[in-house]
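Working notes for the structure below.
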Amino acid sequence: MNQVVETILNHRSVRNFKKQALDHEQIEAIVKSAQAASTSSFIQAYSIIGVTDQNKKDKLAEIAGNQAYVAANGHFFVFCADLYRHKVIAEMEGTNLDDSIESTEKFMVALIDAALAAQNAAVAAESMGLGICYIGGIRNDLEAVKEVLKTPDHVIPLFGMAVGYPEQETDVKPRLPLEHVYMENEYQQDRTLFEKQLKDYDAVTSQYYLERTGGKREDTWTGQMAKMLGRKSRMYMKEFVEKQNLNKK
């Protein structure tokens, strides 16, 4: 075990930040760490927008479901899948790259690139003693987010990341057991064992919630997932993505 691994394993979402802005050096270090992440074929198909304008942060907080920590944090980043610059490259180089740029494969590349960059940013921030919280709620209304951030075609704001000094420490949520996630050579074929692992994990998560809430909550993970996935959510996404001239081919 080393300090990097300890930082990663100590991750928890922070939703209550002190009123202290990140300084320029911290922001630059976080962004440079994001840029150091692996990128498919050196495409670098993402952009990061730092939101410092309080009115814009307030609007994004409203879009995200009135999440106060989107508006009140040390710095707010928005990670975007971005193939706009590659559209510009096509024009600069006097060629047409639409079939490639608008393909499902390049859309997936952009999503993966952005996610890898974001996780590097998260680890960098946490290594500085900062807390982070990913904000998927901005996808509640991407048309509104696009207006706030002035993003062009071929760009999709994927998620935000609130970063700052934690006001208080929170517990680390227990993850699925390693043997349920990590498989060797092929996907696990034993359905009975598969279900047992899920039931064992339900017991762990139920105990976690009981202790965290003083006995007021005892959800199971499978129950949470069945309820959450049973609700239709952001069903406009396919239409929005294609409207941005992505994932069309």
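Summary table
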read-out	value
From Ala37, Ala61, residue being within 30 Å of Pro174 (Cβ to Cβ) and without any contact (Cβ under 8 Å) to a residue 12 or more places away in the chain	Ala61
Index of the failed condition, Ala121 passing every other in (1) out of contact with any Ser or Thr (no Cβ under 8 Å at 6 or more places or on another chain); (2) within 28 Å of Gln20 (Cβ to Cβ)	(1)
Helices (runs of 4 or more DSSP H) contained in the stretch 92-198 and holding at least 2 residues open to solvent by 40 Å² or more (accessible area, probe 1.4 Å) and small (Gly, Ala, Ser)	104-127
Qualifying position, being open to solvent by less than 90 Å² (accessible area, probe 1.4 Å) and either hydroxyl-bearing (Ser, Thr, Tyr) or touching a Leu at 6+ places or on another chain (Cβ under 7 Å) (or both), among Leu210, Leu246	Leu246
Number of the condition not met by Ser41 [criteria: (1) closer than 17 Å to Ala122 by Cα; (2) surrounded by fewer than 14 Cβ atoms within 10 Å (Cβ to Cβ); (3) among the small types (Gly, Ala, Ser)]	(1)
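The values are calculated or read from the model by the stated rules, or taken from the named source; none is laboratory data. Please read all numbers here as calculations on a predicted model, not as lab measurements. Here Cβ is always computed from backbone atoms with ideal geometry, including for glycine, and neighbour counts include all displayed protein chains. What goes into the accessible areas is simple: the full protein's heavy atoms, side chains included, and nothing from ligands, DNA or RNA. Shrake-Rupley method; radii C 1.70, N 1.55, O 1.52, S 1.80 Å.
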